Amino acid sequence: MIVNETLKIIKQRRSIRSFKDEQIKEEELQAVLEAGLYAPNAGGQAWHFTVIQDTELLNKLNIAAKEAAKHHGLGHLKELGIDETFNCLYGAPTLVIVSGNEQSPIPLDADCAAATQNLLLAAESIGLGSCWIFFVLLAFYSSQGPELRKELKIPEGYKPYYSAVFGYKKDTIIYVPDRKPDLITYIR
Ligand SMILES: Cc1cc2nc3c(=O)[nH]c(=O)nc-3n(C[C@H](O)[C@H](O)[C@H](O)COP(=O)(O)O)c2cc1C
């Protein structure tokens, strides 16, 4: 079995859902963002990253997303929306939203997903905790959606596709979901 630093980081990365209050360092943020910008892309880098480190705005997004979740058809999301103890950003001090230019002739969700994965792996490689977050994007479908888009300066014509939170890991015990066996077919 080949082992190197990259393979180790890929296997070591886990979704972290408990963070210290302390903000990440600027150089750590820049290293993570730069990794995102180096992701493969079919749309000619037609993406945009929004970095949110304002606690009030993070709280506002959490509340708006939970409000939207309360009215969502999926029971699980509804339950989380109602749960007063649930914070969809897990108290992380940094949120990055990855948006794609909808005018691009090529579908951008794959580009934005590749960028998001790069952000997560870069974070792990420098000792930061991270978690891919779908839930918070529900905020854009709440009544506050248009106002939030303005406040976050998401460029006109861009759609927020994915997001991830970053911070210093709080828990030392990290849940590791099993990887399913038999998911590969070899034809040789
Ligand atoms: C598209 C996508 C959306 C996700 N959204 C959320 C989310 O809203 N909240 C959350 O806690 N985890 C979210 N996750 C993280 C997954 O739950 C996690 O990756 C999965 O359980 C595997 O665990 P691991 O990341 O530790 O390997 C998301 C992952 C992906 C790929």
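The values are calculated or read from the model by the stated rules, or taken from the named source; none is laboratory data. These numbers were taken from a predicted model, which means no experiment stands behind them. Heads up, the Cβs are rebuilt from the backbone with ideal geometry, glycines too, and the neighbour counts pull from every protein chain shown. SASA here: full protein model, heavy atoms, side chains in, ligands and nucleic acids out. Shrake-Rupley method; radii C 1.70, N 1.55, O 1.52, S 1.80 Å.
Accessible area per residue of the chain at 1.4 Å probe, in Å²?
Values: 11390 Å² over 188 residues.
Dividing the accessible area of the chain by its residue count gives 61 Å².
Accessible area per residue was computed with a 1.4 Å probe on protein heavy atoms; Arg17 scores about 130 Å².
Tell me the GluC sites (Glu not before Pro) within segment 109-183 that lie in a loop according to DSSP and have at most 14 other beta-carbon atoms within 10 Å.
On the way: sites: Glu124, Glu147, Glu151, Glu156; in loops: Glu156.
Those that pass, being in a loop and sparsely packed, are Glu156.
Could you work out the percent of alpha carbon pairs in segment 1-102 separated by over 24 Å, rounded to a whole number? The calculated P(r) of segment 1-102 puts 42 percent of pairs beyond 24 Å. For the chain, adding -39500 (n - 2.57) for each run of n ≥ 4 DSSP H residues and dividing by the number of residues yields -11000 deg cm²/dmol at 222 nm. Give me the base-10 log of I(q)/I(0) for the chain at each q in 0.08 Å⁻¹, Debye formula, one uniform scatterer per Cα, rounded to two decimals. For the chain, the Cα-only Debye profile gives -0.28. Measuring against 21 Å, Cα to Cα, the residue pairs Lys60/Lys159; Lys11/Lys169; Lys78/Lys159 contain Lys78/Lys159 as the ones spanning a longer distance. Segment 84-145 gives an Rg/Rh value of 1.02, both radii derived from C-alpha positions and Rh following Kirkwood. Name the lysines eligible as straight-distance cross-link partners of Lys170: C-alpha to C-alpha under 17 Å, and not fewer than 8 places from it in the same chain. Output for Lys170: Lys20, Lys25.
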